[in-house]
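Below is one structure; the comments refer to it alone.
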Amino acid sequence: MSLIVISVIFCFLSISQAQADSWTYKTPMPTARCFLGSCVLDGKIYAIGGATSSSAVTPALEVYDPLIDTWTQKANMPVALCFVNVAVLDGKIYVFGGKISAFGAACKQVFIYTPDTDEWTQIEDTPHDYGGPVTAVVDGQAYLIGGANEGSGIVVPDVSVYNPATRTWTEKADMPTPRIMHAACVYENLIACIGGTTENWTSVFYRKVEVYDPLQNTWTTKNDMPVGRWGLAACTLDSLIYVTGGYYGQNSCNRVDILNPISNDWSTGTPMQQIRRAHVTCVLDGKIYALGGSYTNGGTSVFLSSLEVYDTDQSTSILNDKTNGYTPDKFHLGQNYPNPFNPQTTIQFKIPFTGKKNVKVKLYINNLLGQSIRTLINDHRSPGYYQVQWDGLDDTGNQVSAGIYLLHMKAGDFIQTKKLILQK
């Protein structure tokens with residue numbers, strides 16, 4: 001007979017830090033590159049295009065599966081490009097223009113990649129051949145912001161919006177500060193544009209943070225970031241904006257600065273292991289993935305294939321502490337521990353108050369083929385902290401073989417997956 005032990009720890013619990021948050025290396029990309037594009041789709045990270053040297057670019061499309069820590073080569077872009085502007089719209093990947101080399105001409109071409117068929121198609125061009133804008137998606141529309149004019153090389157403040165339903169472009173209110181090689185991320189349906197530079201990229205390192213409201217078509221400002229730089233990356237995790245890496249002074253950096261957009265305060269995060277600029281970051285399952293980029297070594301540019309991940313979940317455990325009241329503010333599935341394990345592992349998850357007394361929760365385990373192995377929970381739960389043990393048995397009470405299994409949690413619209421490793 002199999003055994004499931006479920007512990008519920010209600011709102012009098014607190015969260016404690018077992019160890020400092022950290023960055024860890026994962027399997028590197030097959031192709032070292034900077035000024036690449038990236039996105040997340042269906043639980044995988046797509047790395048697209050980029051510069052492989054000061055004079056060469058690649059059309060490579062490589063896909064990372066974090067659950068098995070492997071990369072897969074997919075169909076190349078029709079054109080090799082760097083400064084790639086990527087957006088996910090309607091389940092497809094759009095590439096809006098780019099540059100044919102790091103110091104070469106910009107193009108207006110737009111390509112769509114369909115993952116199901118591993119095919120690229122070309123559609124209508126962008127209205128401008130600007131190099132180095134940033135891209136953000138809000139309410140199913142793609143925003144291209146800033147960049148440099150192909151003819152003059154002068155940086156621009158333009159904001160162009162693409163609607164995939166009508167396949168049309170619309171011009172919006174200009175960004176207050178024209179810039180290139182800046183970063184952008186979305187929070188609460190607002191677009192934050194951070195850092196960057198001008199044509200004088202060796203001496204101008206912007207600290208500015210300007211926020212665009214698509215609904216109002218207006219711009220506001222936030223407090224400047226602590227250190228100005230270009231070639232940085234930005235992403236949003238747990239309502240905070242993480243700004244990583246970039247170039248200032250004489251080289252790349254591994255800085256991580258964190259902006260709380262509500263309080264408008266900056267703090268310093270755990271530095272990346274690798275200094276890098278012109279890299280990208282993606283958020284997937286509560287983790288930040290930083291990949292690619294470059295740095296300077298003895299006057300020579302070094303192009304990176306490395307991938308590192310920042311996981312706040314590594315340091316979070318639920319402990320009995322009745323002296324502090326704490327109610328979960330979001331759904332969350334923790335990483336099991338120990339992992340790898342044999343014969344038993346512990347799984348923790350949170351259920352916030354959603355306005356309902358109880359929430360339907362399903363916690364289940366599949367193998368890598370998607371076949372059902374074990375259902376741990378499939379009923380309604382009240383807000384609080386929960387803890388479940390899995391003893392390595394399937395639903396029929398048989399011991400499963402050693403290997404990798406996928407733990408899934410579904411609660412309303414919330415879905416999260418973790419990788420379990422059962423050892424011999």
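Listed from fewest to most Cβ neighbours within 10 Å, the set THR114, THR236 follows the order THR114, THR236.
Farthest toward the positive end of the dipole of the chain, out of GLY392, ILE145, VAL156, is the Cα of GLY392, where the dipole comes from beta carbon charges about the Cα centre. Once you reduce region 335-394 and region 170-200 to the center of their Cα atoms, the two points are 41 Å from each other. Our summary gives region 322-421 a relative contact order of 30 percent, counting only alpha carbon pairs under 8 angstrom and 6 or more residues apart. For the chain, what does the relative contact order come out to in percent, with C-alpha contacts under 8 Å and a separation of six or more? 16 percent. Going by a ≥ b ≥ c, the root eigenvalues of the Cα gyration tensor, does region 29-305 fall in the rounded group (a/c under 1.5), the prolate group (a/b larger than b/c) or the oblate group? The shape class here is rounded. Straight Cα distances below 24 angstrom link LYS357 to the lysines LYS322, LYS330, LYS410, with same-chain residues fewer than 8 positions distant left out.
Computed about the Cα centre, the dipole magnitude for region 29-305 is approximately 760 debye when only Lys and Arg (+1) and Asp and Glu (-1) carry charge, each at its Cβ. Farthest towards the positive end of the charge dipole of the chain, among the residues VAL40, TYR242, MET181, is the Cα of TYR242, using unit charges on the Cβ of Lys, Arg, Asp and Glu.
The numbers here are math on the coordinates, done by the rules we state, and not lab data. Being a predicted model, the structure only gives us computed values, none of them experimental. Note that we place each Cβ from the backbone using ideal geometry, even for glycine, and neighbour counts take in every protein chain shown.
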